[in-house]
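Report on the structure given below.
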Amino acid sequence: MHQQLGRWKIHYSHLREITIFNRGKVDPHTGKVESFTVCLECGSWIRQRSVQEEDEERAGYRSSSADHLYSCSARSDIESPHVQMVDLKVQLQGDAVEIEVPPEIVARNNFEGWVETFQQALKLGLQLEFYIGPREIESFVETFQEDGRERKTVVLYDTMPGGTGYLRKFFENLPQIAMRALHHLQNDTCATACYSCLKEFWNQHMHGLLNKQLVSHELEELALAKVNITPSEPQLLTGPSAT
Ligand SMILES: [Zn+2]
Ligand SMILES: [Zn+2]
């Protein structure tokens, strides 16, 4: 199903397959990603080493084998081709709502702050409206190319296998949820964000980006829009419905 709320195009899908990649830990100071390093022979996670530690290993002052299983041939070879950086992957099937971000918002200088705040504000609305826990609905930003232009979509997904049904309610009541979040943010006394509105223990790494002022206009726009849901075209599918 999809709907158009003003300039916003929003899709809902049931039992959609979502693949999440974890490319590693982001250093909050440098923004650099520290990848996961894994030995493909023995399956062990190889911890990051400092330059000094690597030098010591090469010189034989320090054991390079500690992270591998005892039988692994890479234990004695610090340049082993089996030791590689990998992305971790999780695949899940559940409900998803995709919100296409209007291109003029993507082009803003403060888009990064806007999009993090927007996602958190929608989750706040969901929590206030349906009393759901902070991690039941998660989200990410998808980037794709359309007519040579970079487009962004905010994807909200259900972390429960099979879905909890909250995202369907979210899709059907988005103006109300946006209104709920907007009122909460307007009545909150903080200047940008605090623990009673957008900050949570789980989103600590983005606390610096959250600023409720950035999204109030868009929340208001969604809050005032009129719901007009279009069912998807019937699809020739034999399995579970993908709409
Ligand atoms: Zn190994
Ligand atoms: Zn606040």
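Overview of values
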quantity: Top-ranked residue in segment 29-47 [being closer than 16 Å to Lys89 by Cα, assigned to a loop (DSSP other than H, G, I, E, B) and of a type outside the set (A, V, I, L, M, F, W, C); ranked as nearest to ligand 2 (Cβ to nearest atom)]; calculated: Ser35
quantity: Residue within segment 200-207 that is touching a residue at least 40 places away in the same chain (Cβ under 8 Å), in a helix (DSSP H, G or I) and surrounded by 14 or more Cβ atoms within 10 Å (Cβ to Cβ) present; calculated: yes
quantity: Test: residue in segment 186-193 that is within 16 Å of ligand 2 (Cβ to nearest atom) and crowded, with 18+ Cβ neighbours inside 10 Å; calculated: yes
quantity: Condition broken by Phe144, with the remaining ones in (1) among the hydrophobic types (A, V, I, L, M, F, W, C); (2) part of a strand (DSSP E or B); (3) surrounded by 13 or more Cβ atoms within 10 Å (Cβ to Cβ) satisfied; calculated: (3)
quantity: Where Val97 falls short, out of the listed (1) in contact with a strand residue (DSSP E or B) (Cβ under 6 Å, 6 or more places away or on another chain); (2) of a type in the set (A, V, I, L, M); (3) not in a strand (DSSP E or B); calculated: (3)
quantity: Pick from segment 210-225, criterion surrounded by fewer than 19 Cβ atoms within 10 Å (Cβ to Cβ) and among the acidic types (Asp, Glu), ranking: farthest from Gly6 (Cα to Cα); calculated: Glu220
quantity: Pick from segment 48-94, criterion in a strand (DSSP E or B) and either touching a Phe, Trp or Tyr at 6+ places or on another chain (Cβ under 9 Å) or within 16 Å of ligand 2 (Cβ to nearest atom) (or both), ranking: farthest from Thr159 (Cα to Cα); calculated: Met85
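Read-outs: derived from the displayed coordinates by stated rules, not from any lab. This one's a predicted model, so the numbers in the text were calculated from it and none came from an experiment. With ideal geometry, Cβ positions are generated from the backbone for all residues, glycine too; neighbour counts draw on all protein chains shown.
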